[in-house]
């Protein structure tokens, strides 16, 4: 066990063995979560606060469940509705919260780097639940666990990430993680949704689905945000679906046993055909959700362990 | 009263020399400069002990936050910072709240400056009312009231017709205009320069091409109207050929660059450090190198601090939301010394860009060692090492990117019109 970080702010600072450590532990929690009694006490007595400055039902529920199953006291704060509207700055909010002595702080924020900033100001372990278009580390980890369980390995796979790469923190974290584990990564999308000089990250870039999907093991679709659909980045929803939506025809270019992934929530008929999303032979979208809880349990346990090791008196 | 500076290392940007000698001032002006061992008589003799004497810095584009945000910077604090930084003339920006866009506000500012600042303060005024890019300001009245140049600062006039009329009108009055070359549509919302770093950090970014498009448009308008034009900051390699061509074609154009773009690059932002958020955003190392070369060759005329005070609250925010700008009056000289110690620029080249050229551009007699020129001088040690501590800055705002940086070069004394306004303790 080598995981020695005090926060989980992104995939970028993690080593391959850190990643393996989280995934191995998460595998155990998958088993726990499938039992009748889904409870452990490893976080008993600890306080977990979920601060979401951006709407999220799924990720927040996943973190909440993960914390509760490990015995933590979990509190959700819907930050959009509260003090932000009253003009309080992020740092003030953090300092206020810090005074309540939380142990684990789960943060989602619409701006890149905001979670890093928060982590510098508080004394607890911070988990990034998505910051702007920067990183979403637990999503990449749950994707990795899903792939590892479906494919039996997490290296030397050919993986296509398709859609709105430019605005996607999921894509960035996945590029980082899958790259560290030595996979071949292809990015497919229109040039308007591709970050500049992304080729420098050791990925192959395609603007054609058929070409990009050729012989891949994993097809990872990204959500196209509603506000980007009209005119600005792509001409229309229907043209996008025609050129970049995943349907059976396009999926035929991938390997026969290729799996289809999506971080959710899906826009059926925009980036993915409904039938493919529901095809239990190809789609692992439900597994992704299941792995999400397990990976978040693992990450929180590891951070809590390191916190105990560093300040035993706090945790006594 | 006469003062003799002896045993000095004279940095003469006009002659391009860096030599030992002495300098004599009489009253408020320079009366003689020489080498050799025969010294003229003087009421006061200052032994410089081999330290440098150079013309005081003329800094175009300093923001003093009066009126509107005096808690960020006042004329008193900016004046003290300038004196300590070896800046003997600050040329102030009109991007205050409200903007300095009418003669009454300009007169208020001039009065405040004269009362509170120990250095020369020359105000610039807005080019359009409220810096909104719709109607030109009273350029004539403002010029009579003492505005030395007209600028909307980082607001780009989007309407080219408005800008062309403002240029033509300014031309008829012989007024200098200063613009921020940038294609505003491309740069809207950007916090970084597009490229690998911005993609990695997930920051909204602007292509460096936006600067070239901005300067291309402005050059066409200069050609149309014949206006005297100064680009506030040229920071990318791609904008240089256009600038070079415009100068070769005889257009009345000059360009500046901030010390931050000469000494820092985009990677310095590292983990979203907002003190490194400036406008335009920091560029790639290749761009930085190209701009240094342009300064050395004289293609870029002016180095400035682009002094922009911001309080803690406006910087302690997520990078995208944080305010842009950095203070620079007190760090301009030590940062410039980085370029000297790295062998990129000589001291005469640096003072050509920091004193002589900006003075010339504004029609000032300072910035040089000529007989009869104002005795705006600094004595400095280019080698003295120190670690920058932002809490020691005299500016009210402490938003410097050089906090905790190892630097070399300190101002020992500053003279304005022959009077000592700062002496290092």
Quick shape summary for the protein assembly as shown, equivalent ellipsoid via Cα gyration tensor, semi-axes whole Å in descending order, reads 56, 29, 23
What helix-only [θ] at 222 nm does chain A give? Using -39500 (n - 2.57) per DSSP H run of at least 4, over all residues, to the nearest 500, the answer is -12000 deg cm²/dmol
At the level of C-alpha centres, the distance separating the range A:186-247 and the range A:1-56, in angstrom, is 30
Between the Cα axis of helix B:209-225 and the main Cα principal axis of chain B, the angle (0 to 90°, nearest 10) is 80
Proxy exposure order for A:290, B:404, B:66, B:244 (fewest C-beta within 10 Å first) is B:404, B:244, A:290, B:66
In nm², the average projected area of the convex hull spanned by the Cα atoms of the range B:285-389 is 8.9
Shielding of B:198-210 by other chains, given as the mean Cβ count within 10 Å, works out to 5
To the nearest 10 degrees, the tilt of helix B:75-85 (Cα long axis) against the first principal axis of the alpha carbons of chain B is 60
Cα-based Rg then Dmax for the range A:66-182, in Å, read 16.7, 50
Rounded to the nearest whole number, the Stokes-Einstein translational diffusion coefficient of the range B:1-79 at 25 °C and 0.890 mPa s (Kirkwood radius, C-alpha pairs) in µm²/s is 166
Per residue of A:106-114, other chain Cβ atoms within 10 Å number on average 5
Projected onto their principal axes, the Cα atoms of the range A:134-243 stretch, largest extent first, over whole-Å spans of 41, 28, 26
In whole percents, the bins of 10 Å from zero upward hold the Cα-Cα pairs of the range A:97-140 as 31, 54, 15, 0
The alpha-carbon pair-distance distribution computed for chain A, with 20 angstrom bins and whole-percent values, is 33, 57, 10
Kirkwood-based Rg/Rh on the Cα set of the range B:258-322 evaluates to 1.03
Expressed to two decimals, the range A:107-176 has a Cα Rg over Rh, using the Kirkwood radius, of 1.05
Shielding of A:194-200 by other chains, given as the mean Cβ count within 10 Å, works out to 5
The whole-number value in µm²/s of the Stokes-Einstein translational diffusion coefficient for the range B:218-260, with Rh from the Kirkwood sum over alpha carbon pairs at 10 °C and 1.306 mPa s, is 148
Per GNM of chain B with C-alpha springs under 10 angstrom, the most fluctuating residue out of B:86, B:16, B:214 is B:16
Taking only Cα atoms of the range B:332-376, the Rg to Rh ratio with Kirkwood Rh works out at 1.04
Residues B:29, B:263 in order from fewest to most other beta-carbon atoms within 10 Å are B:29, B:263
Protection proxy (average C-beta count within 10 Å per residue), highest first, orders B:103-114, A:63-74, B:192-203 as B:192-203, A:63-74, B:103-114
Expressed in µm² per second, the diffusion coefficient of the range B:33-176 from the Stokes-Einstein equation, with Rh the Kirkwood radius over alpha carbon pairs, at 4 °C and 1.567 mPa s, is 77
Checking rank on A:300-306, A:25-31, A:172-178, with mean other Cβ inside 10 Å and highest first, the result is A:172-178, A:300-306, A:25-31
Note: the range B:79-162, point scatterers on Cα, Debye, no solvent; log10 I/I(0) at q = 0.10, 0.20, 0.27 Å⁻¹ equals -0.25, -0.85, -1.26
In Å, the Kirkwood estimate of hydrodynamic radius for the range B:55-361 over Cα pairs equals 19.2
Taking N as the number of residues in the range B:167-211, the ratio of its alpha carbon radius of gyration to 2.2 N^0.38 Å works out to 1.68
Quick calc, residue A:36 & residue A:248: beta-carbon distance into FRET formula, R0 30 Å, rounding 0.05, result 0.20
Mean separation of Cα contacts under 8 Å (at least 6 apart) over the residue count of the range B:55-361, i.e. the relative contact order in percent, is 17
Between the modelled labels at residue A:44 and residue A:310 (7 Å from Cα along Cα→Cβ) the distance in nm is 2.5
Bridge orientation stat for chain B from DSSP, antiparallel percent rounded to 5, came to 50
The Cα radius of gyration of the range A:176-316, divided by 2.2 N^0.38 Å with N its residue count, comes to 1.29
Going fewest to most other Cβ atoms within 10 Å around each Cβ, B:173, B:329, A:104 line up as B:173, A:104, B:329
Bridge orientation stat for chain A from DSSP, antiparallel percent rounded to 5, came to 5
Once both label points are put 7 Å beyond Cα along the C-beta direction, the residue B:249-residue A:61 separation in nm becomes 6.3
Reduced to Cα centres, the span from the range B:283-318 to the range B:54-71 in Å works out to 16
In nanometres, the difference between 0.36 nm per residue of separation and the alpha-carbon distance of residue A:184 and residue A:95 is 27.8 nm
Debye calc, one equal point scatterer per Cα of the range A:187-233, no solvent, log10 I(q)/I(0) at q = 0.25 1/Å comes to -1.08
Rounded to the nearest 10, the angle in degrees between the Cα long axis of helix A:16-34 and the longest principal axis of the Cα atoms of chain A comes to 80
Taking r as the C-beta separation of residue A:15 and residue B:70 and R0 as 45 Å, the FRET efficiency to the nearest 0.05 is 0.35
Relative contact order of chain A (C-alpha contacts under 8 Å, at least 6 apart) in percent is 20
Relative contact order of the range B:152-244 (C-alpha contacts under 8 Å, at least 6 apart) in percent is 34
Sorted on mean Cβ neighbours within 10 Å (highest first), peptides A:146-156, B:5-15 come out as B:5-15, A:146-156
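Each value in this text was obtained by applying a stated rule to the coordinates, not by laboratory testing. These figures come from a predicted structure and were not determined experimentally. All Cβ positions, even for glycine, are placed from backbone atoms using ideal geometry, and neighbour counts span all protein chains on display.
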